[in-house]
Amino acid sequence: MKAVIMAGGKGTRLRPLTCGKPKPMTPIANRPMMEHIVKLLKQYDFTQVMATLFYMPEAIQNYFGDGGNLGIEIQYAIEESPLGTAGSVKNGADFLDETFLVISGDTLTDIDLGAAVAFHRSKGATATLVLTKVNNPLEYGVVITDAEGRIRRFLEKPGWGEVFSDTVNTGIYILDPKIFSYYQKGQVFDFSKDLFPLLLSNNEPLYGYIAAGYWSDIGNLEQYRQAHYDILSGKVKINLPGKEISPGVWVGEGVQIADDAKITGPVLLGDFCEVSSGAEITEYSIIGDYGMIGAESSIKRSICWDRCYIGKGVELRGAILCSKSYLKGKNALFEGAVLGEGVSIGQRSVVKPQVKVWPEKIVESGVTLNESLIWAKSCSRSLFGNNGIKGTVNQEITPEIAVKLGAVFGAHLKPGAQIVVSSDDFRASRVFKRALVAGALSVGVGVYDLGTITTPMTRYALMALDARGGVHIHQNPDESQEVIFEFLDDLGLNIDKKTERALENSFFTEDCPRVPANSMGELTFVPKLIEPYLKGLFNTETREIIVKAGLTVVVSYDGGGLSLVLPRLLHELGCQVIEWNPERKEGKIHHHKKEKTIRELINIIDEAGAKIRVSGADMGVVVDSNGERLIVLDEAGELVKEEEITALLSYLVFKNRPEAVVPVPVTAPHFIEKMAQEFHGRVIRTKADPRSLMEKNVQEKLFPAAEDRSAYHPQFDALFCFIKLLELLAREQKSLSEAKAAIPQIKRGYREVECPWEQKGRVMRNLFEENKDRQLETTDGLKVLHEGGWALVLPDAEEPIFKIYSEADTTEEADALTNIYMNRIQELQLQ
């Protein structure tokens with residue numbers, strides 16, 4: 001049999017779902033609405049179909065083609081201007097030469113179409129309207145029939161005073177070609193308003209078939225949401241894609257679910273979804289293909305289209321997310337919230353009930369949306385954060401963005417400049433490195449490709465090669481799905497704020513002029529950089545002292561660039577090395593290696609400590625894959641805290657370099673000043689960001705590198721820090737625990753407090769005014785000195801939070817100081 005699918009609708013009342021697509025292409029249970037109608041038609045042997053199109057016809061034609069993939073034949077009739085429902089069908093009059101069915105392509109139904117056709121034929125009808133009973137008929141055309149089913153009256157969208165029936169028109173019709181004689185081709189003509197009243201007045205056999213089964217015209221967002229709930233509860237009979245792995249839990253191909261994730265049906269997960277550790281997806285939720293559900297997220301009664309990224313700790317409650325929605329993490333979206341396609345929501349932002357966000361909008365972190373965002377397009381606060389540019393792989397950071405960053409950085413340095421580019425062994429980092437190189441070459445900048453090495457090695461190589469700048473791309477040590485782009489200046493330091501702002505301006509204005517073909521940059525691969533880097537880590541005297549000490553160390557590292565460096569380094573220093581990696585135990589080989597985050601490294605400290613105690617080693621270290629961060633354990637397997645490492649390195653400098661000047665961050669312990677006085681030295685407090693500390697290291701020439709033009713940075717170079725600690729043990733002839741014991745034992749506190757961006761300035765002003773009678777330091781943030789301790793309030797540059805550090809003689813006192821400022825910040829936000 002033949003059928004017509006009416007598929008010209010815009011779906012205005014479903015916006016923002018339909019902002020970029022016709023209503024029939026809006027997904028229902030991970031498939032376009034119209035696909036469910038096509039499958040219903042095929043089920044009842046309607047294999048020759050004409051679709052009438054008007055709004056965005058290409059979207060439907062490109063998806064369905066000739067219908068072969070769905071086992072039917074589809075042809076199309078495209079309206080140039082709206083002709084009404086009957087007028088559009090008249091365009092296919094030559095095709096519709098037998099009894100045919102008309103059905104809307106943007107409804108959801110499981111009505112028995114075969115029974116409706118049989119009714120039509122049994123009555124000898126010219127037209128049969130398929131009817132259904134609804135609770136609220138006000139939004140529909142009410143149809144009144146007699147006992148035989150013959151239609152006696154129409155009421156189009158009546159008021160309650162006119163309602164004499166709850167039987168309404170579904171928009172499904174079985175029609176005889178005879179109807180085409182009642183109007184002309186090209187005439188604007190509607191079935192309900194024009195044709196059916198005309199047939200009724202001409203006493204044509206016009207019947208209504210009251211059908212059992214499910215029907216919804218999905219006319220608004222609430223009905224759209226309810227249609228999904230009805231599918232999952234079994235009220236409508238459609239075949240869900242995928243397979244049922246447990247009662248009510250349907251999953252597609254290639255789905256990955258963490259062992260401790262909780263899935264409570266009825267739930268539908270599309271192809272290649274990934275559900276992370278601790279995530280929870282409960283009743284009446286649907287996740288589209290390639291959905292990423294972050295750790296500890298909670299999704300209830302929500303609908304997510306294809307390629308949605310749900311970050312860590314997100315809560316969805318009755319929300320709808322269109323394709324490519326991106327939620328950074330720790331977000332909350334409440335009942336009725338809707339995100340259009342490509343919307344990006346920053347970390348800790350909240351979308352209140354019934355709020356709608358139109359496509360491609362960017363909501364900054366820490367924002368609470370109380371009203372819909374339609375016209376204004378928010379922009380990101382900045383590209384750069386505390387340490388370069390970071391973002392989630394293939395969400396915030398894509399290869400296209402990497403190309404653009406390479407072009408922007410190269411154009412800033414001008415054609416003819418040379419830069420170095422490197423990455424860690426993280427697969428995404430290597431992909432983005434190639435993309436960034438292409439962008440840089442396109443603006444006439446030459447590139448030295450350093451391969452897979454660490455950030456400290458890149459800093460050294462940049463100076464050794466006399467490059468104008470550099471970029472190192474690596475996995476975020478705190479978030480395994482993120483990458484960081486670190487941009488370096490001609491001294492190997494992280495670029496300054498002025499350069500960051502210049503790059504941001506060029507990025508957002510797309511000001512990066514390309515050069516002609518013969519002026520494009522050259523790519524040069526630079527091997528054998530490891531040897532000069534290693535030689536610069538220590539001098540002959542230091543090497544001899546460490547070799548003489550004959551130290552034993554337990555070392556754990558991920559491999560990658562470090563596998564070429566660390567074993568050779570320790571062998572040259574005469575150390576007995578016990579390599580330990582829990583993933584390599586029992587001869588296991590991991591072909592798909594995944595670099596561990598700092599959080600994961602910390603989780604193996606207890607095992608590492610036990611290994612140290614059993615082996616009788618002098619110390620143990622765990623090195624992150626990028627060679628920047630170092631976790632240190634003493635000979636008893638106890639953790640050496642970060643502030644203790646800072647103090648030990650300062651002590652080594654002061655004792656061996658009289659009157660030395662040592663830079664330390666504003667967060668470092670205050671007893672370092674007393675240590676400096678003892679050795680007639682001096683301490684310089686710097687801002688907490690890496691650039692500030694490294695800049696002072698270079699100025700003071702504490703650890704010179706690359707022919708004294710730059711410096712090694714023990715705070716950001718794990719291997720150099722490791723060597724300095726070995727040197728300390730060798731020179732002092734003490735165990736690490738004894739060296740720790742010589743340091744004043746202070747206690748530290750740390751808390752984070754959420755605060756919207758727009759309130760940060762006011763909060764800081766109030767805190768300053770309230771404490772102006774105390775001794776203050778304003779190097780970075782606001783440090784308030786109290787009797788027996790201090791507290792530092794530091795506004796974060798990346799997130800809508802304050803970081804609060806404290807120091808005191810006891811843990812209780814440190815926590816009390818932290819709580820004072822945490823509570824005060826919360827109070828000030830309410831004023």
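Residues whose amide H falls under 5 Å from that of residue 368, counting only those 5 or more places apart or on a different chain, are 350, with hydrogens built in the peptide plane. Positive end of the dipole of the chain (Cβ unit charges, origin at the Cα centre): among 702, 241, 814, the Cα lying farthest that way belongs to 241.
Solvent-accessible surface of the chain, averaged per residue with a 1.4 angstrom probe and all protein chains in place: 43 square angstrom.
The HN-Hα couplings worked out from phi for the stretch 223-239 by the Karplus form 6.51 cos²θ - 1.76 cosθ + 1.60 (θ = phi - 60°) are 5, 4, 4, 5, 4, 5, 4, 5, 4, 5, 8, x, 6, 10, 8, 10, 7 Hz, whole numbers, x standing for Gly and Pro. Between residue 564 and residue 614, the simple spin-label model (points 7 angstrom out along Cα→Cβ) gives 3.3 nm. Measuring r between the beta carbons of residue 15 and residue 277 and using R0 = 56 Å, the FRET efficiency lands at 0.95. Find the Rg to Rh ratio for the stretch 623-708, where Rh is the Kirkwood radius over alpha-carbon pairs and Rg uses the same atoms. Radius of gyration relative to Kirkwood radius: 0.98. On the beta carbon distance between residue 757 and residue 430, with R0 = 45 Å, the FRET formula returns roughly 0.85. Mean sequence separation of contacting Cα pairs (under 8 Å, at least six apart), scaled by the length of the chain, corresponds to a relative contact order of 6 percent.
Between 268, 515, 65, the Cα set farthest toward the positive side of the dipole of the chain (charges on each charged residue's Cβ, about the Cα centre) is that of 65. If one computes P(r) from the Cα atoms of the stretch 225-281, what percent of pairs lie at distances over 13 Å? Distances greater than 13 Å cover 61 percent of the Cα pairs.
Once the chain from residue 97 to residue 826 is taken as fully extended at 0.36 nm per residue, the excess over their C-alpha distance is 255.1 nm. Charges were assigned to the Cβ only: +1 to each Lys and Arg, -1 to each Asp and Glu. The resulting dipole of the stretch 673-799 about its Cα centre is roughly 320 debye. Phi angles of the stretch 54-68 translate, via the Karplus equation with coefficients 6.51, -1.76, 1.60 and θ = phi - 60°, into HN-Hα couplings of 9, 8, 6, x, 4, 4, 6, 4, 5, 6, 8, x, 8, x, x Hz per residue; Gly and Pro are given as x. Between residue 510 and residue 58, the FRET efficiency from the beta-carbon distance, with R0 = 35 Å, is close to 0.80. Dimensions of the stretch 1-98 based on its C-alpha atoms, expressed as ranges along the principal axes with the largest first, amount to 39, 30, 19 Å. Put simply, the amide H of residue 640, placed in the peptide plane, has neighbours under 5 Å in 632, 633, 634, leaving out anything fewer than 5 places away on its chain. Placing a pseudo-label 7 Å from each Cα along the Cα-to-Cβ vector at residue 682 and residue 375 gives an inter-label distance of 5.9 nm.
Taking every alpha-carbon pair within the chain, the share separated by more than 42 Å comes to 47 percent.
Diffusion coefficient of the stretch 410-561 by Stokes-Einstein, Kirkwood radius over Cα pairs, 37 °C, 0.692 mPa s: 194 µm²/s.
Close amide H partners of residue 629, meaning residues 5 or more places away or on another chain with modelled amide H under 5 Å apart, are 624, 718.
Overall, the accessible surface of the stretch 240-375 at a probe of 1.4 angstrom is composed of carbon and sulfur to the extent of 48 percent.
Straightening the chain between residue 524 and residue 656 buys 43.4 nm, computed as 0.36 nm per residue apart minus the Cα-Cα spacing. Using Cβ point charges alone (K and R +1, D and E -1), the dipole size of the stretch 280-345 about the Cα centre works out to roughly 200 debye.
Each residue of the stretch 608-622 is assigned a 3J(HN,Hα), and the resulting list reads 5, x, 5, 5, 5, 5, 5, 7, x, 6, 6, 6, x, 9, 10 Hz, derived from the Karplus form 6.51 cos²θ - 1.76 cosθ + 1.60 (θ = phi - 60°), x at Gly and Pro. Inter-label distance, residue 501 to residue 779: 2.4 nm, where each label sits 7 Å from its Cα along the C-beta direction.
Each of 174, 684 has its accessible area taken with a 1.4 Å probe; listed largest first, they run 684, 174. Note on the stretch 248-297: Kirkwood hydrodynamic radius from all Cα pairs is 10.3 Å, rounded to one decimal. The apolar share of the surface of the stretch 719-831, taken as the fraction of accessible area on carbon and sulfur atoms (1.4 Å probe, ligands and nucleic acids excluded), comes to 45 percent.
Along the charge dipole of the chain, which of 333, 36, 210 sits closest to the positive end, that is, farthest toward it, with unit charges on the beta carbon of Lys, Arg, Asp and Glu (+1, +1, -1, -1)? Farthest towards the positive end: 210. The length gained by stretching the chain between residue 368 and residue 735 to full extension, at 0.36 nm per residue less their Cα-Cα distance, is 126.8 nm.
A straight Cα-to-Cα reach below 22 Å connects residue 655 with the lysines 548, 641, 674, 696, 701, 724, 734, 740, residues fewer than 8 places away in its own chain not being considered.
The values are calculated or read from the model by the stated rules, or taken from the named source; none is laboratory data. These numbers come from a predicted model, not from an experiment. So basically every Cβ, Gly included, is an ideal-geometry build from the backbone, and we count neighbours across all protein chains shown. In case anyone asks, the SASA skips ligands and DNA or RNA and just uses the protein heavy atoms, side chains included. Shrake-Rupley method; radii C 1.70, N 1.55, O 1.52, S 1.80 Å.
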